[in-house]
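One structure below.
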Amino acid sequence: MDTHDTKASTQATTEHIDISALYAQVGGVPEHSVSLMTRASGGRALREGNYLFFSARDWLLGIGYPLEGAAGSAADFDEALQAVIARTGARDIRIAAPEIPARLADKAGKKDVYYLLDVRRPVPKRMQNTAASFGRSLRIEKGETFTAAHRRLWGEFLTRHELPANVQALYSTIEELLATPDGEIFLLNAWTADNHLAACLVVDTFMPGFDTYLLGAHSKDHYVPHASDVLVARMIEEARKAGKTWLHLGLGVNAGIARFKRKWGGFAAFPYNEAQWIEAKKQVSVNIILHSMEASLDLDMDERERRAHDYAQRPYRMLWKLEKNGRTSWLGGTAHFFCKSFEKSFKKLYREVDTVLFEGHLDDASLEKVSLAGKTPPEPSACLYDLLTEEERRRLERMVRGPEGFWPRLLNMEAPNKADVGWYLRRTRHWFAFFALWCAFLERCGWRYSVDLEAWRLAHAEGKHVLAMEDIEEQVEALRAVPVQRAVNFLRDCGNWPKYLKANQKAFLAGDLMGLTGTTTEFPTRTGHIIGDRDQRFRERMLPYLEAGNALALVGSAHLINLRPMLEQDGFTVTHCPHGSFWSRSLGW
């Protein structure tokens, strides 16, 4: 079937569908997955009217499918699009919409159609039998780890198939997407009896009404007939278990892929059209800059965007209750960077305390002093650039900066604020360089929160008595004590950073201190001098406030290993609150 035949088949399939009514039932398209799109594109989500956009620097991606209601109109989308272009000053524009606005007809490009599957309907009997029969020889696994076997499968599959550039680029980003999992993107793997990966599907579950089949691949080197069909059957089963009504099967792409989707009961549902162009250069005004800043912060747009924001909220479980002489205080562990927010938890916790103690001052002026101390040229013997090989520097740069080049930029997949890795390695102190590059990697992966900074700002906003247990000089002195070789080792080990992120996230969210320290023992600041010496200092300075009661001391989680037994020696009963129980009962978490 050639391209013309495929389009004719699609039109015949969709002509009897009430697209507006169907769209209202389904509730969106895969590109409305804010979590997926922000991580894949590196841009920020913003809303104009009933439409979602992603933007960074001078580029803008517009999703012309409405966030609410029926299928919408090209005129409505065009009005929102022009407003966002004026608001952001973007010049490199790409849109995906059911219909390209009339004024942009000459910019139109790719045409396709979204395929849907109603999971309430029975799976075709023939496909049920196929999946059951061939599934007996396979071990089916649901996972989140992209292994060497997956990389081999991806390489083999892409070598065999000539896919459109945008599809190939999406394949290349899967490892990055899975490096910051929040549980909504998972892999379905089919393993052979001798432990070879025969097939794999990638599924996004972010949207409330449907799951999305993102990508798939099957092996010829380790071929098992119908391995992909076995995985599709499992994907349908997972969607049903999650209470979803629909599976978004993505675009038709080509005749073979469209045929694969139709045999499972998928049908052509919504038209898909792309357009891309460069806006004429305009003078950038202060208003455009201010509107751009406003847009980058405006994620609280409607119920769907609020859901994305609220999705980042988690109960704070890295917390211990301290009791002595009938008085109660609290001890909590923090992280400088994290992927979730604990704003709601801290607000409730602050109802129980009057005084909040932090390691040091976290106001902008104090943080700038630390930054200036780090941005002084290193000693020749401590220059990280010279201590890493050229290959190690290239590997580090790929990890920190992410996908680069023509296609990632074209498809809005480049990180918006890419760190100059060479500059940090050459021109800054070793402790500042590893912190800056690690932070840049975390930001690229969507880790845009800071537990201690969030707690600091909320404590001030709630009118608490806020104290710092160290001054800037003491903090900088501790950072200078970071062994150079530990910084070198950490940067050399950048290939394991995605795995470290996953383990760190899981342990912190569970309040699993021992699990957390097990993931951070090689972190450069986790040394006996930095941790041990400061533990005693913190103990002495927080003790009077904890004994007085109604106090909360927040320190880096690694310090809790020693501080808990120290406080027990000081007469406190120390009790972990693994389920946020102190406020879940009394404050209605």
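The values are calculated or read from the model by the stated rules, or taken from the named source; none is laboratory data. Bear in mind that the values here come from a model prediction, so they are computed numbers and not experimental data. Don't worry about glycine lacking a Cβ; one is built from the backbone with ideal geometry, like all the others, and counts go over all protein chains shown. Surface accessibility is based on the protein's heavy atoms, side chains included, excluding ligands, DNA and RNA. Shrake-Rupley method; radii C 1.70, N 1.55, O 1.52, S 1.80 Å.
Pulled fully out, how much extra length does the chain show between Lys375 and Arg394, if you take 0.36 nm times their separation in residues and subtract their Cα-Cα distance?
So the chain would gain 4.6 nm between Lys375 and Arg394.
Give the dimensionless ratio obtained when the Cα radius of gyration of region 451-578 is divided by 2.2 N^0.38 Å.
Here the Cα radius of gyration is 1.15 times the empirical estimate.
Measure up Lys142/Lys241; Lys107/Lys261; Lys244/Lys499 against 23 Å on the Cα-Cα distance and list the ones that go over.
Exceeds cut-off: Lys107/Lys261; Lys244/Lys499.
Determine which residues of region 458-476 fall in the zone a paramagnetic label at Asp570 would reach in this model, i.e. backbone nitrogen under 20 Å from the point 7 Å along Cα→Cβ.
Under 20 Å, as judged by backbone N against the label point of Asp570, lie 465-471, 474-475 of region 458-476.
How big is D, in µm² s⁻¹, for region 424-468 by Stokes-Einstein at 25 °C and 0.890 mPa s if Rh is the Kirkwood radius over C-alpha pairs?
195
When ligands, DNA and RNA are left out and all protein chains stay put, how many square angstrom of accessible area per residue does region 344-496 have with a 1.4 Å probe?
Value for region 344-496: 47 Å² per residue.
Excluding ligands and nucleic acids, what accessible area in Å² is computed for Ser73 using a 1.4 Å probe, to the nearest 10?
50
What nm distance separates the two modelled labels at Ser73 and Asp386, each placed 7 Å from Cα along Cα→Cβ?
So the label points at Ser73 and Asp386 sit 6.9 nm apart.
Dipole size in debye (nearest 20) for region 216-269 around its Cα centre, Lys and Arg Cβ +1, Asp and Glu Cβ -1?
So the dipole magnitude of region 216-269 works out to roughly 180 debye.
Obtain the nm distance between the two label points defined at Arg526 and Ala510 by a simple spin-label model: each point lies 7 Å from its Cα along the Cα-to-C-beta direction.
With each label point 7 Å from Cα toward Cβ, the separation is 1.6 nm.
From the phi angles alone, apply the Karplus equation (6.51, -1.76, 1.60; θ = phi - 60°) to region 419-425 and give each ³J(HN,Hα) in whole Hz, x where the residue is Gly or Pro.
So the Karplus estimates, Gly and Pro as x, are 6, 7, 4, x, 5, 4, 5 Hz.
Write down the Å³ per residue value for the convex hull defined by the alpha carbon atoms of region 121-238.
So the per-residue Cα hull volume is 113 Å³.
Determine the per residue accessible area of region 18-150 with all protein chains present and a 1.4 angstrom probe, expressed in square angstrom.
With all protein chains present, region 18-150 gives 40 Å² per residue.
If you take the beta carbon distance between Ser366 and Ala102 as r and set R0 to 60 Å, what does 1/(1 + (r/R0)^6) give as a FRET efficiency, to the nearest 0.05?
Between Ser366 and Ala102 the formula returns 0.65.
Once you put a point 7 Å from the Cα of Arg259 and another 7 Å from the Cα of His161, both along the Cβ direction, what distance in nm separates them?
Between Arg259 and His161, the label points sit 1.4 nm apart.
Quick one: compute the contact order of region 135-278, relative version, from alpha carbon pairs under 8 angstrom and 6+ residues apart, as a percent.
21 percent.
Which percent of the accessible heavy-atom area of region 428-528 goes to carbon and sulfur, probe 1.4 angstrom?
52
If the cut-off is a Cα-Cα distance under 13 Å, which aspartates and glutamates reach Lys369, setting aside same-chain residues fewer than 8 apart in sequence?
Asp471, Glu473, Glu474, Glu477
When you take every Cα atom in region 350-500, what is the radius of gyration, and what is Dmax, the widest Cα pair distance, in Å?
Over region 350-500's Cα set, Rg and Dmax evaluate to 17.9, 54 Å.
What is the percent carbon and sulfur in the accessible area of region 95-186, measuring with a 1.4 Å probe over the protein chains and ignoring ligands?
On region 95-186, the fraction of accessible area on carbon and sulfur atoms equals 52 percent.
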